[in-house]
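Novice: This is the structure, below, for whatever I ask next.
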Amino acid sequence: MLRQVKPKNARTKRVMDKREPKLLEGAKIALFLRGNATSQLVVDALHDLHALKKPFAVNFQKKNSILPFEDSSSLEFFSEKNDAGLAVFASHNKKRPHNLAWIRFFDYHVLDMIELGIVDYKPISSFRTVPIVPGTKPMMLFQGPSFDSHPVFRHIKSLFLDFFRGEPIQKLDSAGLSYVIVVSAGEASEDETQPLPRVNFRVYSTKLLKSKTNLPRLELEEMGPRLDFSIRRVQAAQADVLQEALRKPKTQEPKTKKNVDVDLVGNKVGRIHVDQQDLSNLQTRKMKGLKRSAAEAEDEDESEEEDEDVVSDVE
């Protein structure tokens, strides 16, 4: 039986309630850490990524002696202390220069990791655009067939969506769509000996201009940072841990309704079972306008008699 810690005061109770599992998960806090050896390029890139993630971010200024792929105990300690579900670790050495390790946690333990090396970088300060308002929810666009077919690129897509998704919202105003993050990559080769294509990370600000229709005309302007990544080490999540992380409570599972389906377009289609009806006993409403006059009835009777006489002569 797990040990249950009881709060000693109201403040501790609020903190514990905030860390409890929730049906609808909000934005995850991300940690931005530095290793013992870092370059100015990777520090500037870490600073720009921290600006995109604000206010759900904690930036560590001091250096930390951490090797994420060898020993993740320090990362898990920082995750539990700051109630963080994500982390970006910057390092630099001769074997892996300008390195960024993207880490995702589950229950304050490392779920999966991926290393991306910075090949090309252009900071936000080199672009003349309006700075990002902290807390703004970005739009995300992934270009390339590899993000749907290759397991490593599917991992990158899942991690970036989890990293930048922000708070869940019910309504959306077009004025709040201030920037879009575009992640593109070429098609990955089936030969495992060939290196994987680079991942291009771009950020564009949006401008809503007047148009002849009710909808505004949208234009994009690059605002930075501009990053080109090369894929290095990858640590995928274990199958049983991933299944536990994706498990949903029964209250969130939709209840199945009998004889109700949804077609490809998204329309709800229902099936109704009706017993066989005897239309001969169907009582219809009598209307005077539909009644035949006496003259029409006599004419029909005479025409029927003539038809019978013709048939008898033929026989």
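Novice: Can you tell me which residue within region 109-134, out of those that are open to solvent by less than 50 Å² (accessible area, probe 1.4 Å) and either among the aromatic types (Phe, Trp, Tyr) or in contact with a Ser or Thr (Cβ under 6 Å, 6 or more places away or on another chain) (or both), is farthest from GLY35 (Cα to Cα)?
Specialist: Of everything passing the filter in region 109-134, THR129 is farthest from GLY35 (Cα to Cα).
Novice: When region 58-81 is examined, which residues are found to be under 26 Å from TYR179 (Cβ atoms) and buried (at least 19 other Cβ atoms within 10 Å of the Cβ)?
Specialist: none
Novice: Give, as residue ranges, the strands (runs of 3 or more DSSP E) completely inside region 56-144 that count at least 1 residues that are touching a Lys or Arg at 6+ places or on another chain (Cβ under 9 Å), over 21 Å from ARG165 (Cβ atoms) and in contact (Cβ under 8 Å) with a residue 40 or more places away in the chain.
Specialist: Strands (runs of 3 or more DSSP E) meeting the threshold: 86-91, 99-106, 109-122.
Novice: Test ALA239 against the stated conditions and say whether it is at pLDDT 85 or above, farther than 30 Å from VAL180 by Cβ and open to solvent by less than 90 Å² (accessible area, probe 1.4 Å).
Specialist: Here the answer is yes, as ALA239 does meet what is asked.
Novice: Which of the strands (runs of 3 or more DSSP E) found entirely inside region 154-262 contain at least 3 residues meeting this: touching a strand residue (DSSP E or B) at 6+ places or on another chain (Cβ under 7 Å) and charged (D, E, K, R)?
Specialist: Passing ranges, in order: 217-222, 226-235.
Novice: Among the candidates ALA84, ALA90, single out the residue that is surrounded by 19 or more Cβ atoms within 10 Å (Cβ to Cβ), of a type outside the set (Ser, Thr, Tyr) and more than 24 Å from VAL15 (Cβ to Cβ).
Specialist: ALA90
Novice: Out of everything in region 10-54 that is part of a helix (DSSP H, G or I) and small (Gly, Ala, Ser), what residue ends up being farthest from the chain's Cα centre (by Cα)?
Specialist: Selected residue: ALA10.
Novice: Being within 18 Å of SER79 (Cα to Cα) and open to solvent by less than 70 Å² (accessible area, probe 1.4 Å) narrows it down to one of LYS18, LYS53, so name that one.
Specialist: Unique residue meeting the criteria: LYS53.
Novice: Here is a list: ASN99, ASN9. Which entry is open to solvent by 70 Å² or more (accessible area, probe 1.4 Å) and not β-branched (Val, Ile, Thr)?
Specialist: Exactly one of ASN99, ASN9 is open to solvent by 70 Å² or more (accessible area, probe 1.4 Å) and not β-branched (Val, Ile, Thr), namely ASN9.
The values are calculated or read from the model by the stated rules, or taken from the named source; none is laboratory data. Keep in mind that this is a model prediction, so the values were computed, not measured. Cβ atoms come from the backbone with ideal geometry, glycine included; neighbour counts cover every protein chain shown. Areas reflect the complete protein model, heavy atoms only, side chains present, ligands, DNA and RNA absent. Shrake-Rupley method; radii C 1.70, N 1.55, O 1.52, S 1.80 Å.
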